[in-house]
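Novice: A single structure is presented below for examination.
Read the figures in this text as sums done on the coordinates, not as results from a lab. The model shown is predicted, which means the values in this text are computed figures rather than measured ones. As a convention, Cβ positions derive from the backbone with ideal geometry for all residues, glycine included, and neighbour counts pool all protein chains shown.
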Amino acid sequence: MTQGLPLAITCGDPAGVGLEVFLAALKKIGNEIPVVWFGDGRHLPNNMPFAAWSPKTPHNIAPGLNVYQIDFTNPAVLGQADPENAEGVISSIEKATKFAKSGQVSGICTAPINKKNLKVGTNFKFSGHTEYLAYLCGVKSAVMMLTCSELKVVPLTIHIPIRDVPKAITKEVFETTVKIIHSGLIKDFGIKNPRILVAGLNPHASEGGSIGTEDIDHIGPWVSDLRSQGISISGPSSADTMFHKRARSDYDVALCMYHDQALIPIKTIDFFGGANVTLGLPIVRTSPDHGTAFDIAGKGIANEKSMVHAIRTANLIIKSRRNAA
């Protein structure tokens, strides 16, 4: 048995690709990083053997697959969401978060959930993992950052219609997000003076007011205020000039105004390898940057690269926090 707190991997929706990509990732990671699967052992394929992990002896990690048992109502039918299994999905997240807060696991990496299925099965009231984890951790605000080897991006607004984006961008939301990014990159990534580049809301960052005025009237002054507080922040910049290779060398993270403005560039640069990091939590949390993919679950074609990156990124953050302590 290895000695060291494991990273909890929550199972996500058992009808999706979460378990599939985790098992493939485990083959690549091996014993390099201790991990425990928080799910139902009955969902494992072909009666796969595993070692039972207990939070009472958290350092005891056996070679191979370790499982913390979460009892689900039904077997998992790949590709078919089952609302009766939603409680098990929620329990996996809650238990892993509880043990991360108590220091029985080093952090959590979450496999994808299906929010619609959770709403049907449990009346899930959160828009996603990030908001739910913030609630479980007692944190008012948390920030979703997507990262790959060449780029880090944060969407200021996430899963809302484009028509609602301008009114959702308030000074409070903007400043809170920037401060969480700033402290998160210092604490979690060891970047001493993080450089934040802000994307404009409108094309060409409003082009001097000829294409809207939000960037000139609001975002620009907010950036100036934060810069005067000692944060290395610039913009708003025209989003179409921010993501080519040379431009990316001028900043550590891009703060974008809406979901696709952030996710299109990172998924273009590294479609399979991006990972999701939650900044602003007292615990470490990452996840692969993809969904449940019900349409390909069980077909052996799901790519594990994002899960590998998510696990390794979590491990890097754990080390960074330990070094900063």
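Novice: Between Asp164 and Ser54, 0.36 nm times their residue separation minus their Cα-Cα distance comes to what?
Specialist: Answer, rounded to one decimal: 35.1 nm.
Novice: For the chain, state the semi-axes of the equivalent ellipsoid (square roots of 5 times the eigenvalues of the alpha-carbon gyration tensor), sorted largest first and rounded to whole angstrom.
Specialist: Its equivalent ellipsoid spans semi-axes of 36, 21, 17 Å.
Novice: Give me the orientation-averaged projected area of the Cα convex hull of the range 6-116, in nm², one decimal.
Specialist: 6.4 nm²
Novice: About the Cα centre of the chain, what is the dipole size in debye to 20, counting +1 per Lys and Arg Cβ and -1 per Asp and Glu Cβ, all else neutral?
Specialist: 900 debye
Novice: How would you rank 190-203, 67-80, highest first, on the average number of other Cβ atoms within 10 Å across their residues?
Specialist: Listed from highest to lowest mean packing, they are 190-203, 67-80.
Novice: What residue among Thr176, Thr313, Thr292 has the largest mean-square fluctuation in a Gaussian network model of the chain, using Cα springs under 10 Å?
Specialist: Looking only at Thr176, Thr313, Thr292, the biggest GNM fluctuation is shown by Thr176.
Novice: If you don't mind, there's one more thing I want to ask. Hey, what number do you get for the chain at 222 nm if only DSSP H runs of n ≥ 4 count, each worth -39500 (n - 2.57), divided across all residues, to the nearest 500?
Specialist: So the calculated ellipticity at 222 nm is -10500 deg cm²/dmol.
Novice: Going down the table (Lys101/Lys187; Lys152/Lys179; Lys152/Lys305; Lys245/Lys305), which pairs top 19 Å between alpha carbons?
Specialist: Among Lys101/Lys187; Lys152/Lys179; Lys152/Lys305; Lys245/Lys305, the Cα-Cα distance tops 19 Å for Lys245/Lys305.
Novice: May I ask you to order 283-289, 123-129 by the average number of other C-beta atoms within 10 Å around their residues, highest value first?
Specialist: Highest to lowest by the protection proxy: 283-289, 123-129.
Novice: What is the spin-label model distance, in nm, from Asp225 to Tyr135 if the labels are put 7 Å beyond Cα along the C-beta direction?
Specialist: Placing both labels 7 Å along Cα→Cβ, they lie 2.9 nm apart.
Novice: With N denoting the number of residues in the range 72-197, provide Rg(C-alpha) divided by 2.2 N^0.38 Å, to two decimal places.
Specialist: For the range 72-197, the normalised Cα radius of gyration is 1.23.
Novice: So which trypsin sites (Lys or Arg not before Pro) in the range 22-114 end up in coil per DSSP with only 14 or fewer other C-beta atoms within 10 Å?
Specialist: Lys56
Novice: Could you tell me whether the range 233-325 comes out rounded, prolate or oblate from its Cα gyration tensor? Rule is a ≥ b ≥ c as square roots of the eigenvalues, rounded for a/c under 1.5, then prolate if a/b exceeds b/c, otherwise oblate.
Specialist: Since a/c reaches 1.5 but b/c is at least a/b, the shape of the range 233-325 is classed as oblate.
Novice: How would you classify the range 174-301 from its alpha-carbon gyration tensor, with a ≥ b ≥ c the square roots of the eigenvalues: rounded for a/c under 1.5, else prolate if a/b is greater than b/c, otherwise oblate?
Specialist: oblate
Novice: Let me know the shape class of the range 206-278, please: from the alpha-carbon gyration tensor, a ≥ b ≥ c as square roots of the eigenvalues, rounded when a/c is under 1.5, otherwise prolate if a/b is greater than b/c, or oblate.
Specialist: Prolate shape, in that a/c is at least 1.5 and a/b is the bigger ratio.
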